[in-house]
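S.K.: Sharing a structure here in structure tokens format.
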Amino acid sequence: MDIIVCIKRVPQTAEAKVEIESSGKDIVKDRLTFDMNESDMYALEEAVLLKEKFGGTIIAISLSCSDAEDTLRIALAKGADTAIRIKAEDFDELDGYKTAQLLSAVIKDIHFDVIFTGCIATDDAYSQIGATLAELLGIPHATLLTNIEVIDSISHVHRELEGGLQEHIEISIPALFTIQTGINVPRYASLIAIRRAAGKEIKLVGQNEISKDQLLLNTQIEELFIPPVAKQVKIITGSPGEVSKELAGIIREKGLI
Amino acid sequence: MSEIFMLIEHRQDAIRDISYEMMTCGRALAEKLNTKLTAVFLGYDADKLVESIRDQAHRIMVVNNEVFKEFNAESYQIALAEIIKKENPLLTLIGHTAFGMDLCPALGTQLGIPFTTDCLDVEIIDGKLIATRQMYDGKLNAKIRFRKNPSYLVSLRTGCFPVRDSNIESEIVNIESPISAEPDYRKFVEYIEAAISDVDITKADVVVGVGRGIKKKENLALIEDFASTIGGVVACSRPIVDAEWLPKDRQVGSSGKTVKPKLYIALGISGAFQHVVGMKNSGTIIAINKDQNAPIFNEADYGIVDDLFRVLPTFKNSIIEMKSK
Ligand SMILES: Cc1cc2nc3c(=O)[nH]c(=O)nc-3n(C[C@H](O)[C@H](O)[C@H](O)COP(=O)(O)OP(=O)(O)OC[C@H]3O[C@@H](n4cnc5c(N)ncnc54)[C@H](O)[C@@H]3O)c2cc1C
């Protein structure tokens with residue numbers, strides 16, 4: 001089973017201060033830490049599990065700047081056989097659609113049975129690369145996978161719907177699947193594997209290989225801004241002892257317990 | 001034609017809330033642009049469902065065929081592509097739901113029309129479509145503009161358009177289905193219902209929700225102890241379930257449960273949209289988070305900006321003291 005996994009390196013913003021850069025269209029990145037996108041880690045693990053079962057190869061591919069080669073090396077250390085970086089620096093502004101076109105331009109010449117992507121990138125949060133890429137490649141897809149089993153050339157997959165409900169569907173392969181977190185337990189890379197991956201070559205693809213003429217942007221960011229406040233929170237300040245007393249007072253007064 | 005179209009989402013014999021939200025949004029847009037809203041209904045033997053939305057859109061286009069009994073993104077895509085190509089609406093709305101995520105990007109790509117996903121708002125200003133989206137863990141919003149085109153497609157986030165009443169007399173138009181069987185490359189098999197749980201977090205008056213901020217599974221003991229002091233149950237955000245620290249039936253949010261306790265205490269939860277939809281209607285919300293910019297503080301009534309492990313011991317003591325008085 002030949003598998004392609006699309007991987008993105010994203011800023012870790014859940015606990016960090018996010019500031020808007022002077023253009024108003026991007027964020028200040030130099031003080032943020034970066035890591036592999038969360039659902040991509042699960043996508044990679046799912047690829048490794050399938051490879052362990054059926055054999056074959058895994059190609060990790062990322063449209064990104066050179067910093068992301070570290071992320072691709074992690075993918076190599078965890079079980080990818082080869083890694084490709086599409087040079088983001090060659091292609092100016094990107095949106096989900098253009099990203100999918102670039103991925104498709106490279107993937108269309110590679111043999112694969114299954115493509116995995118994460119179900120969402122936590123930075124721009126589009127959830128559109130997977131289904132767009134599948135359409136560009138002319139293959140079926142399913143998003144938000146919580147389980148996959150391949151029997152002959154039929155994949156039996158569970159998709160997550162809302163409220164704990166799932167659906168079981170059958171899709172013929174080759175196909176593309178976007179992976180939801182929790183589908184497996186991603187492994188850690190061993191130190192030896194990390195050391196071995198450090199020496200591996202990462203294949204680069206850029207504007208010499210992909211023509212820029214046909215590339216289209218669907219959307220552009222006009223401006224970033226701080227979300228309006230839905231509800232005015234009362235922030236209680238003081239030592240832990242003080243805030244705790246105040247909270248207990250509120251709970252009592254409102255009869256909450 | 002510069003009409004607004006929207007796709008009705010329904011499942012297991014019920015129209016889903018997002019459909020009413022999209023129709024509310026669509027009617028407002030149509031009114032502003034002096035045009036009409038068309039609701040597209042793909043389904044089977046669903047007169048009752050169509051009847052229930054009869055007053056919601058100027059026109060309801062019904063494609064009645066057994067193939068649409070259950071949602072199948074590929075069947076839906078084939079039918080919608082035909083309809084959009086023929087009718088050429090200015091804007092088509094789809095829900096940014098599990099169904100819409102499967103459908104919208106592929107449909108937009110097939111049609112070659114500009115699209116985007118997970119929009120909180122859409123406006124048309126001087127004939128130009130502007131969408132508002134959320135990025136970076138909900139910490140920033142973005143205004144998005146589109147490549148110029150006669151027709152656009154966007155998916156709307158749930159819960160962004162408070163449903164308004166409507167009393168339009170809808171014109172019902174029946175359309176022949178372009179397909180009569182699911183494509184052979186994708187078949188719906190069955191729904192898998194959530195497992196029945198032993199602790200029902202939806203019934204509790206006090207819910208203590210924990211997120212990735214609790215750091216380690218071992219710290220759950222501390223939380224359980226606090227929850228029993230305050231007389232509540234422990235629930236959680238998704239990463240806690242993904243890591244298998246708590247079972248799925250404790251998860252609050254869009255892919256978990258919706259809770260409305262008297263008191264919800266969020267501990268180390270950032271307040272991602274998918275979590276917040278599951279708890280924002282709680283009576284009182286207290287959030288403890290060390291990041292003062294965490295989006296959870298946009299939903300909470302009371303907030304403590306601190307390390308939860310510093311606050312929890314004294315909070316527990318204050319509750320014990322309060323109860324003894
Ligand atoms: C289709 C889909 C469905 C989803 N469904 C759900 C769902 O149903 N429910 C759900 O919850 N999520 C869901 N998610 C995931 C969601 O997007 C978020 O990733 C998730 O809610 C984040 O969980 P969290 O807040 O625990 O973690 P994080 O976002 O990582 O936040 C951790 C927080 O803890 C704080 N913190 C860290 N240490 C401390 C400390 N010592 N003291 C105090 N605070 C601390 C940090 O400041 C941060 O705000 C879904 C995602 C997708 C794509």
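What follows draws every value from the coordinates through simple rules; no lab data is involved. Since the model is a prediction, treat every value here as computed from it, not as a measurement. Neighbour counts are summed over all protein chains in view; Cβ atoms, including those assigned to glycine, are modelled from backbone coordinates with ideal geometry.
S.K.: Distance check, please: which entries in B:Lys48/B:Lys86; A:Lys51/B:Lys248; A:Lys108/A:Lys212 exceed 19 angstrom between their Cα atoms? Walk me through the intermediate numbers first.
M.R.: Numbers: B:Lys48/B:Lys86 27 Å; A:Lys51/B:Lys248 28 Å; A:Lys108/A:Lys212 16 Å.
Going by Cα-Cα distance, B:Lys48/B:Lys86; A:Lys51/B:Lys248 fall outside the 19 Å limit.
S.K.: Jot down the radius of gyration and Dmax of the protein assembly as shown, Cα atoms only, both in angstrom.
M.R.: 24.2, 77
S.K.: Follow-up question, since we're still on this one. Measure out, as a whole number of angstrom, how far apart the alpha-carbon centroids of the range A:200-251 and the range B:279-307 sit.
M.R.: 16 Å
S.K.: While we're here: To the nearest 20 debye, what is the magnitude of the charge dipole of the protein assembly as shown about its Cα centre, counting +1 on the Cβ of each Lys and Arg and -1 on the Cβ of each Asp and Glu? Don't skip to the end; give the middle numbers.
M.R.: Numbers: 65 positive and 84 negative charges, 318 e Å.
The dipole magnitude comes to about 1520 debye.
S.K.: Are there any trypsin sites (Lys or Arg not before Pro) in the range A:157-251 that are in a DSSP loop and have at most 15 other Cβ atoms within 10 Å? List them by number.
M.R.: On the way: sites: A:Arg159, A:Arg187, A:Arg195, A:Arg196, A:Lys200, A:Lys203, A:Lys212, A:Lys231, A:Lys234, A:Lys245; in loops: A:Arg187, A:Lys200, A:Lys212, A:Lys231.
Filter output for the range A:157-251: A:Arg187, A:Lys200, A:Lys212, A:Lys231.
S.K.: What nm distance separates the two modelled labels at B:Ala243 and B:Lys32, each placed 7 Å from Cα along Cα→Cβ?
M.R.: The two pseudo-label positions are separated by 4.2 nm.
S.K.: With point charges of +1 on the Cβ of Lys and Arg and -1 on the Cβ of Asp and Glu, referenced to the Cα centre of the range B:206-324, which listed residue (B:Leu222, B:Met279, B:Val311) lies farthest in the positive direction of the dipole?
M.R.: B:Met279
S.K.: When the helices in chain B are scored as -39500 (n - 2.57) per DSSP H run of 4 or longer and the sum is shared across all residues, what 222 nm value do you end up with, to the nearest 500 deg cm²/dmol?
M.R.: -8500 deg cm²/dmol
S.K.: With charges only on Cβ, +1 for K and R and -1 for D and E, what is the dipole size of the range B:206-324 about its Cα centre, in debye, rounded to 20? Numbers along the way, then the final one.
M.R.: Working: 15 positive and 12 negative charges, 42 e Å.
Computed charge dipole of the range B:206-324: roughly 200 debye.
S.K.: If you take the charge dipole of the range B:206-324 about its Cα centre, with +1 on Lys and Arg Cβ and -1 on Asp and Glu Cβ, which of B:Ala235, B:Asn298, B:Thr258 is farthest toward its positive end?
M.R.: Positive-most Cα among the choices belongs to B:Thr258.
S.K.: Give me the Debye-computed log₁₀ of I(q)/I(0) at q = 0.11, 0.15 Å⁻¹ for chain A, equal point scatterers on Cα only, no solvent, two decimals.
M.R.: -0.68, -1.09
S.K.: Something else now. Between B:Asp47 and B:Ala181, what FRET efficiency follows from the Cβ-Cβ distance if R0 is 22 Å, with the result rounded to 0.05? Present the calculation step by step, with values, prior to reporting the outcome.
M.R.: Numbers: r = 22 Å, r/R0 = 1.02.
For R0 = 22 Å, the calculated efficiency reads 0.45.
S.K.: Using 1/(1 + (r/R0)^6) with R0 = 35 angstrom and r between the beta carbons of A:Glu52 and B:Glu66, what's the FRET efficiency to the nearest 0.05? Present the calculation step by step, with values, prior to reporting the outcome.
M.R.: On the way: r = 40 Å, r/R0 = 1.15.
Working from the Cβ atoms, E equals 0.30.
S.K.: Provide the gained length on full extension for the span B:Lys216 to B:Asp55, in nm with one decimal, where the gain is 0.36 nm per separating residue minus the Cα-Cα distance.
M.R.: Here the segment from B:Lys216 to B:Asp55 would lengthen by 52.8 nm.
S.K.: Would you list B:Val63, B:Val50 from fewest to most Cβ contacts within 10 Å? Don't skip to the answer; put the middle values down first.
M.R.: Details: B:Val63 23, B:Val50 20.
With the fewest neighbours first, B:Val63, B:Val50 line up as B:Val50, B:Val63.
S.K.: Sticking with this one: Quick check on the range B:4-175: take the gyration tensor over C-alpha atoms, sort the square-rooted eigenvalues as a ≥ b ≥ c, and tell me if it's rounded (a/c under 1.5), prolate or oblate. Provide the component values of the computation, followed by the final result.
M.R.: Working: a/c = 1.44, a/b = 1.34, b/c = 1.08.
The shape class here is rounded.
S.K.: Given labels modelled 7 Å from the Cα in the Cβ direction, how far is it in nm from A:His168 to A:Ser66?
M.R.: Result: 5.1 nm between the two label points.
S.K.: Determine the shielding of peptide A:10-18 by partner chains: average, over its residues, the number of Cβ atoms on other chains within 10 angstrom of each Cβ.
M.R.: 6
S.K.: Compute, for chain A, the length of the dipole vector about the Cα centre, with Cβ point charges of +1 (Lys, Arg) and -1 (Asp, Glu) only. Units Debye, rounded to 20.
M.R.: Numbers: 26 positive and 40 negative charges, 154 e Å.
Computed about the Cα centre, the dipole is about 740 debye.
S.K.: I'd like to know which of A:Tyr97, A:Leu63, A:Ile20 lies farthest towards the positive end of the charge dipole of chain A, counting +1 on Cβ of Lys and Arg and -1 on Cβ of Asp and Glu.
M.R.: About the Cα centre, the residue reaching furthest to the positive side is A:Ile20.
S.K.: Could you give the distance between the Cα centres of the range A:1-48 and the range A:64-124, to the whole Å?
M.R.: 12 Å
S.K.: Compute a Gaussian network model of chain B, connecting alpha carbons closer than 10 Å, and tell me which residue from B:Pro239, B:Pro261, B:Pro89 fluctuates the most.
M.R.: Comparing B:Pro239, B:Pro261, B:Pro89 in a Gaussian network model of chain B, the most mobile one is B:Pro239.
S.K.: Just report the Cα centroid separation between the range B:1-36 and the range B:208-243, whole Å.
M.R.: Computed from Cα coordinates, the inter-centre distance equals 39 Å.
S.K.: Let's test the formula: R0 of 30 Å, r as the Cβ-Cβ distance of A:Ser23 and A:Glu209. What FRET efficiency results, to the nearest 0.05? Could you put the intermediate results ahead of the total?
M.R.: Numbers: r = 29 Å, r/R0 = 0.97.
My answer for the efficiency is 0.55.
S.K.: Between A:Thr237 and A:Asp109, what is 0.36 nm times their sequence separation minus the Cα-Cα distance? Round to one decimal in nm. Walk me through the numbers before you get to the answer.
M.R.: Numbers: separation 128, 0.36 × 128 = 46.08 nm, distance 5.93 nm.
Working it through step by step, the gained length comes to 40.1 nm.
S.K.: Cut-off is 10 Å between beta-carbons; in what order do A:Val114, A:Val10, B:Val199, B:Val62 appear when sorted fewest neighbours first? Numbers along the way, then the final one.
M.R.: Numbers: A:Val114 25, A:Val10 22, B:Val199 13, B:Val62 19.
Going from sparsest to densest Cβ surroundings: B:Val199, B:Val62, A:Val10, A:Val114.
S.K.: Hey, another quick one. Grab the Cα-Cα distance for B:Ser324 and B:Val189, subtract it from 0.36 nm times how many residues apart they are, and report the gain in nm with one decimal.
M.R.: Values: separation 135, 0.36 × 135 = 48.60 nm, distance 5.62 nm.
Taking B:Ser324 through B:Val189 to full extension adds about 43.0 nm, to one decimal.
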